[in-house]
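The values are calculated or read from the model by the stated rules, or taken from the named source; none is laboratory data. Just so you know, these numbers come straight off a predicted model, no measurement behind them. Cβ: placed from backbone, ideal geometry, glycine included. Neighbour counts: every protein chain shown.
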Amino acid sequence: MSNSGLVNYTKISPNRTSPRRNKIDRITIHHMAGNLTVETCGNVFAPRSRQASSNYGISSDGRVGMYVEEKDRAWTSSSGANDHRAITIEVADNAGAPGWGCSSAAMAKLILLCADICRRNGIKKLTYTGDTKGNMTLHKWFASTDCPGAYLESQMPTIASEVNKLLASGATTYTWKGATATGGSVPASSGKVTSNGKIAVDGSWGIATTKKAQAVFGTVQDGIISGQPISNKKYLANAYTGSWQFVSGRATGSNLIRAIQRRIGAAADGYFGRKSVMKFQSWLGVSVDGSMGPATVKAFQKWLNKQ
């Protein structure tokens, strides 16, 4: 079983099942919920504590990363039954919520990568039916998540159509001419630190904010907040999934969250739920409503930059 020749960067994640149990007969497209490079995405999937991965990732400049070889099952869609049969692809967002848009370069490479996957694995036609009857599936069908975001979900029929045109013609070049970004800006703190070592105060809690907090609180600096119950996601609107790990099964909690909880006087269970958010807001001196919005995150980012 071969891998794609379109790959520009490789960082194999330990989070995989080797070998996969089933023949590859479907593709599942995800979004990164952040404008991550293929290198940053690889770093996200590198820790065993992350318990997540994908076969491929595509950055906004159209580069392709490989994190799990096609012969192995990636841990991407909260469904072993799906992922043992699927090649999973994470696509960077160059526009944020609510639309989560993607760049023309990313979309063009996504079409080419899907066509390449189909050719090498004997998939004659890519079919999106809006349910699991087709061979294009969505993460949201297997877990309580918005992934792949409104933009990519709206483009699934077009993606299938464009891939099938390439399969029919044999073409290996492609230019995306469809719609692209639809949404707010993707926060710099999803993966960047300013030149003076401080994080951007943008109200969005991504990888850079997590790493800064881990440094301040003395926990492992991997940029990941692990083991958060997906039921708590509704209280954490500005927590970006490139950094926060939400799970539908048994959640183990996060050492960083435990350290923060001890500092603010909350129960140190490692889960950032509504009660912890309220304690956090009170400690920061912002309005207490139990929902971690941009004002709460900005206050925390300002506090971190003073440490």
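A few notes on this one:
- Residue count for region 71-100, restricted to those that are among the small types (Gly, Ala, Ser) and modelled with pLDDT of 90 or more: 7.
- Restricting region 260-307 to residues that are surrounded by 21 or more Cβ atoms within 10 Å (Cβ to Cβ) and polar (S, T, N, Q), the residue that is nearest to Thr219 (Cα to Cα): Gln261
- The residue that is nearest to Cys114 (Cα to Cα), among those in region 47-66 that are under 13 Å from the mean Cα position of the chain (by Cα) and of a type in the set (Gly, Ala, Ser), is Gly57.
- In region 120-139, the residues that are in contact (Cβ under 8 Å) with a residue 12 or more places away in the chain and among the basic types (Lys, Arg): Arg120, Lys124, Lys125
- Meeting the requirement of 3 or more residues that are buried (at least 23 other Cβ atoms within 10 Å of the Cβ) and out of contact with any His (no Cβ under 8 Å at 6 or more places or on another chain), the helices (runs of 4 or more DSSP H) wholly within region 5-121 are 38-45, 104-121.
- Count of region 126-157 residues which are touching a Cys at 6+ places or on another chain (Cβ under 8 Å) and of a type in the set (D, E, K, R): 1
- Residue within region 248-271 that is of a type in the set (Phe, Trp, Tyr) and closer than 26 Å to Asp93 by Cβ present: no
- For region 204-221, a residue qualifies if it is at pLDDT below 85, part of a loop (DSSP other than H, G, I, E, B) and buried (at least 16 other Cβ atoms within 10 Å of the Cβ), and the qualifying residues are Ser204, Gly206.
- The lone exception for Ala251 - which of (1) touching a strand residue (DSSP E or B) at 6+ places or on another chain (Cβ under 8 Å); (2) within 26 Å of Thr145 (Cα to Cα); (3) touching a residue at least 40 places away in the same chain (Cβ under 8 Å) it fails: (3)
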